[in-house]
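Below: the structure, in C-alpha cells.
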Amino acid sequence: MKKKILIISGGISKERTISLDTGKQVARELKKKYLIKTCEPDHNLKNNIKKFKPHVIFNALHGQFGEDGYIQSILENFKIPYTHSGVISSAIAMDKEISKKIFIKNKILTPRYIKYSYDHNDKELFSVVKKKLKFPVVVKPINEGSSVNVFICNVKNFLKKVKLLENYKEILIEEFIPGREIQVAILGNKKLGAIELRPKRKFYDYDAKYKKNANTEHIIPVDLSKTNLQKVLDISLKAHKLIGCRGVTRSDFKFYKNKFYLLEINTQPGMTKLSLVPEIAAFKGMNFFELLKWIINDASINR
C-alpha cells in the first residue's frame, strides 16, 4: 500500500502565500509515489488526520504558528511522525534574540544588536543606536521569517521605520553588515552545500526572495576558497546542532572582510521553484523528489 502523506500548508502567518505555494509544489511532486492530502492547520485538522490516517505529516508552514514550535506541539500530541524540527528547536530558531545569544555564547559571529521594547518609550533610542551600533542599522521583528518587515535604516528614516513595527511590542535593531549573501543547507547531519545570492534590490528582502521579476541572481557553486567554503559549512552544521534542529535547515550569512556573520537559521526553508534548498540539492545531484523523500523518511515524533 502507498504511504499516505498529509501536507499542512497555508496558516495565518504573513507568509501564508509562500506556504500555500510550498504545499502545492510538494504535493505535485509527492503524488508520483505517495497518496497525498493537503489541509490547513485549522479547526478541521484533527478530523482530517482522523479520516485520512496519514503515515507522515509534512509540515509546509512558514512563519508564526508554523515554525515557532506552536504547530509542532500540536503534532506531537497526534503521535504521527512529522517533518522538520521539533517544538523547542523551532521555538529557539524562530526567536532571533534567543538564537543570537546561543550563537554568541558558542563563538559564532553574528551582527551586534539591541532589543527595543516599545513600552519603554525610549526617547534616547536614536543616540543609543548611534553610539552602540552606528548607522545604517537593520530593524526587524524578533519572530518573523522571509524578511517580513525587515528594514535597512539610515539616520533619516530610522525612527519612522521603528514606528512601523510598534505592533510587535519588541524588535531587534541590528548592526548592518554589508558584503555577500551566502546561504547554506544542512540535511540531517550532512553539509549539503551553499549558494550565493546577488539581489538587484537593496538587500535580499521578501520581494527578492519570491518574485521572479526581482531577478535575484543565484550563484552556485559559490566563489569561495576551499577553506572559507568549509568554514561556512562547518558553522551551519554547528548552529544546526546547537539549537537541536532536525531534518533540513538553511542558515543565512553575510560574508564581509573575510568573516562570516550568521544572521539566522531557518527550520522550515521554502520548497518552491525559487527556493534555495532544492536548488542546492539539485546542484549536488539530488532532485526535488529525492529531497522530499529524504525529508519524509526522516520524519518522527519526539523531535
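Some points to look at:
- Taking Cβ atoms as reference points and 12 Å as the exclusive limit, the residues near LEU172 contribute a net charge of -1, counting Lys and Arg as +1 and Asp and Glu as -1.
- Selected from GLU124, GLU170, GLU181 as most flexible by GNM, with the chain as the system and alpha-carbon contacts under 10 Å: GLU124
- With both labels modelled 7 Å from their Cα along Cα-to-Cβ, the ILE98 to LYS200 distance reads 4.0 nm.
- GNM remark for the chain: springs join alpha carbons under 10 Å apart, and the peak mean-square fluctuation among GLU279, GLU217, GLU40 falls on GLU217.
- Listed candidates [x] 0.97; [y] 1.00; [z] 1.08 - label of the one calculated as Rg/Rh (Cα atoms, Kirkwood Rh): [x]
- Helix-derived mean residue ellipticity, 222 nm - over the chain, DSSP H n ≥ 4, -39500 (n - 2.57), to 500: -10500 deg cm²/dmol
- Dipole magnitude of the chain, debye to nearest 20 (Cβ charges: Lys/Arg +1, Asp/Glu -1, about Cα centre): 460 debye
- Taking 15 Å as the cut-off, the amide N atoms of the range 138-178 that come nearer than this to a point 7 Å along the Cα-to-beta-carbon line of TYR118 belong to 140-144, 149-150, 159-173.
- Order of exposure, largest accessible area first, which applies to HIS62, HIS55 with probe 1.4 Å: HIS55, HIS62
- Rough spin-label spacing in nm, given labels placed 7 Å along Cα→Cβ, for LYS134 and LYS257: 0.8 nm
- Each part gets one Cα centre, and for the range 23-44 versus the range 141-201 those centres are 30 Å apart.
- Summary value for the chain: 21 percent relative contact order, contacts being C-alpha pairs under 8 angstrom separated by 6+ residues.
- Of LYS101, LYS134, the order by accessible heavy-atom surface (1.4 Å probe, DNA, RNA and ligands excluded), from most exposed downward, is LYS134, LYS101.
- Applying a threshold of 18 Å to the alpha-carbon distances of LYS140/LYS254; LYS2/LYS293; LYS107/LYS259; LYS105/LYS134; LYS96/LYS163 flags LYS105/LYS134; LYS96/LYS163 as lying beyond it.
- Prolate/oblate/rounded label for the range 3-153 (Cα gyration tensor, a/c 1.5): prolate
- For ILE219, the shell of other residues with beta-carbons less than 11 Å away shows a net charge of -3, using +1 for Lys and Arg and -1 for Asp and Glu.
- The share of accessible area on the chain that comes from carbon and sulfur is 52 percent, using a 1.4 angstrom probe.
- The chain: most fluctuating residue of LYS273, LYS254, LYS131 per GNM, C-alpha cutoff 10 Å: LYS131
- Net charge over other residues, Cβ less than 11 angstrom from the Cβ of TYR113 (K, R count +1; D, E count -1): +4
- In the chain, taking the dipole from charged Cβ atoms about the Cα centre, the farthest positive-side position among GLY247, VAL87, ILE173 is held by GLY247.
- Heavy-atom accessible area ranking, 1.4 Å probe, most first, across ILE80, ILE104: ILE104, ILE80
- Cβ-Cβ distance of LYS231 and GLU290, R₀ of 30 Å, FRET efficiency by 1/(1 + (r/R0)^6): the value works out to about 0.65.
- Accessible area (Å², per residue) of the chain, counting only protein heavy atoms and a probe of 1.4 Å: 49 Å²
- Net dipole in debye of the range 14-63 [+1 Lys, Arg Cβ; -1 Asp, Glu Cβ; about Cα centre; nearest 20]: 300 debye
The values are calculated or read from the model by the stated rules, or taken from the named source; none is laboratory data. From a predicted model like this one, the values you see are computed outputs, not experimental measurements. Cβ atoms come from the backbone with ideal geometry, glycine included; neighbour counts cover every protein chain shown. Just so you know, the surface numbers come from the protein's heavy atoms only, side chains and all, with ligands and any DNA or RNA stripped out. Shrake-Rupley method; radii C 1.70, N 1.55, O 1.52, S 1.80 Å.
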